[in-house]
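J.: Before anything else, here's the structure in question.
The values are calculated or read from the model by the stated rules, or taken from the named source; none is laboratory data. The shown structure was predicted, so the numbers you read here are calculated from the model rather than taken from an experiment. A quick note on method: Cβ atoms are made from the backbone with ideal geometry, for glycine too, and the neighbour counts reach across all protein chains shown. The accessibility values were calculated without ligands, DNA or RNA, using every heavy atom of the protein model including side chains. Shrake-Rupley method; radii C 1.70, N 1.55, O 1.52, S 1.80 Å.
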Amino acid sequence: MRVYVPLTLPGLAEAYRTGALGDGPLSAYAVTPALREWYLSDDLEELEYAALGRAALASLRLLAADAGAPRRRVVVAVDVSDGAVSTGPDRGLDPAALGEVRVAGGVRLAEAAAVHVDAADAEADVAAAADALPAADGGDDDARFTVDGAEDHELLWYATQEIPNLVG
């Protein structure tokens with residue numbers, strides 16, 4: 001199963017240094033039954049793109065909590081065994097948790113299929129979105145518009161061999 005692990009650039013640098021995304025369990029995003037129902041599509045590529053988008057939003061939340069991190073969202077795509085992934089039965093239909101899964105055990109960075117990162121020209125919009133996130137969560141429509149502005153930027157695809165250039 002392909003899962004999308006939200007990170008920040010410092011988190012990616014740490015994963016590169018240690019060779020692992022974490023000891024587990026890890027929070028990630030994947031094509032879950034609730035995500036399928038919400039997205040109303042049978043196209044796996046579209047569903048995976050939706051899961052990637054959910055992970056990008058989680059990365060934005062990580063940025064909001066880390067003022068020192070460069071304002072670029074980071075998502076690592078990893079293929080793991082189906083048995084390593086579980087969904088919270090109490091959160092499956094929670095709109096805030098659509099596609100959210102837990103990956104048991106550690107995940108080696110060597111298992112990553114790709115890395116998705118914002119381009120440098122997205123930093124101003126991502127910074128504004130990270131700052132606006134608490135107000136958006138509180139129902140402020142202007143703040144929600146600012147958060148949505150970050151989503152207008154497509155994450156760029158990088159091969160895992162390019163990670164040293166991203167974190168260097």
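J.: Expressed in nm to one decimal, what extension gain is obtained for the pair SER41 and SER27 from 0.36 nm per residue of sequence separation less their Cα-Cα distance?
T.: Numbers: separation 14, 0.36 × 14 = 5.04 nm, distance 2.38 nm.
Contour length minus Cα-Cα distance gives 2.7 nm.
J.: Same structure again: Charges only on Cβ, +1 for Lys and Arg, -1 for Asp and Glu: so what's the dipole of the chain about the Cα centre, in debye to the nearest 20?
T.: Dipole magnitude for the chain comes out near 700 debye.
J.: Continuing with the same structure: Report, in deg cm²/dmol and to the nearest 500, the calculated mean residue ellipticity at 222 nm for the chain, where each DSSP H run with n ≥ 4 adds -39500 (n - 2.57) and the sum is divided by the residue count.
T.: It lands at -13000 deg cm²/dmol.
J.: Let me check against my output: what whole-number percent is the relative contact order of the chain, with C-alpha pairs under 8 Å and at least 6 apart?
T.: Once divided by the residue count of the chain, the mean separation gives 29 percent.
J.: Quick one: accessible area per residue over the chain, 1.4 Å probe, rounded to a whole number of Å²?
T.: On the way: 8600 Å² over 168 residues.
Result: 51 Å² of accessible area for each residue.
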